[in-house]
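These notes are about the structure you will find just below.
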Amino acid sequence: VQLQASGGGLVQTGGSLRLSCVASGRMFSNNGMGWFRQAPGKEREFVSAISWRGDSTVYADSVKGRFTISRDNAKHTVYLQMNSLEPEDTAIYYCAAARGSYGSRDASVYHYWGQGTLVTVSS
């Protein structure tokens, strides 16, 4: 499985971006997916996760109410809609595919990782 993330860029505080992650290979429709991020000088942190059917989602407290995760299994794509962006959201965002049907805050459940897409929020 290969994961290709895109949609990052430079945006002002309060702006929006939508990240996409396209999966190639047999795995996707039956697998939970997640988004993580890593800011400069900081450890990678969980952002959001979604179940294989899209009916179960979880968010980090820092993005709850601002970010929305979704997926389109027909397109093998998972999305992260990011609204009300803040400078603290600046990071490289990574998508990941879980071994099982549900995503998790725990990075160890993810078997495949994308290359990341850079999000920069200016103040």
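The values are calculated or read from the model by the stated rules, or taken from the named source; none is laboratory data. These figures come from a predicted structure and were not determined experimentally. Here Cβ is always computed from backbone atoms with ideal geometry, including for glycine, and neighbour counts include all displayed protein chains. Surface accessibility is based on the protein's heavy atoms, side chains included, excluding ligands, DNA and RNA. Shrake-Rupley method; radii C 1.70, N 1.55, O 1.52, S 1.80 Å.
Taking the condition on the phi < 0 side of the Ramachandran plot, open to solvent by less than 60 Å² (accessible area, probe 1.4 Å), free of Cβ contacts under 8 Å to residues at least 60 places away in the same chain and not β-branched (Val, Ile, Thr), does residue 107 pass? No; evaluated as a whole, the condition is false for this residue. Screening 90, 117, 68 for residues that are among the hydroxyl-bearing types (Ser, Thr, Tyr) and touching a residue at least 60 places away in the same chain (Cβ under 8 Å) leaves exactly one candidate, 117. If you go through segment 40-61 and keep only what is among the small types (Gly, Ala, Ser), surrounded by 15 or more Cβ atoms within 10 Å (Cβ to Cβ) and closer than 27 Å to residue 120 by Cα, you end up with 48, 49, 60.
Tell me, which residue of segment 21-37 that is polar (S, T, N, Q) and without any contact (Cβ under 8 Å) to a residue 60 or more places away in the chain is surrounded by the fewest Cβ atoms within 10 Å (Cβ to Cβ)?
Step by step, filter segment 21-37, then rank; the result is 24.
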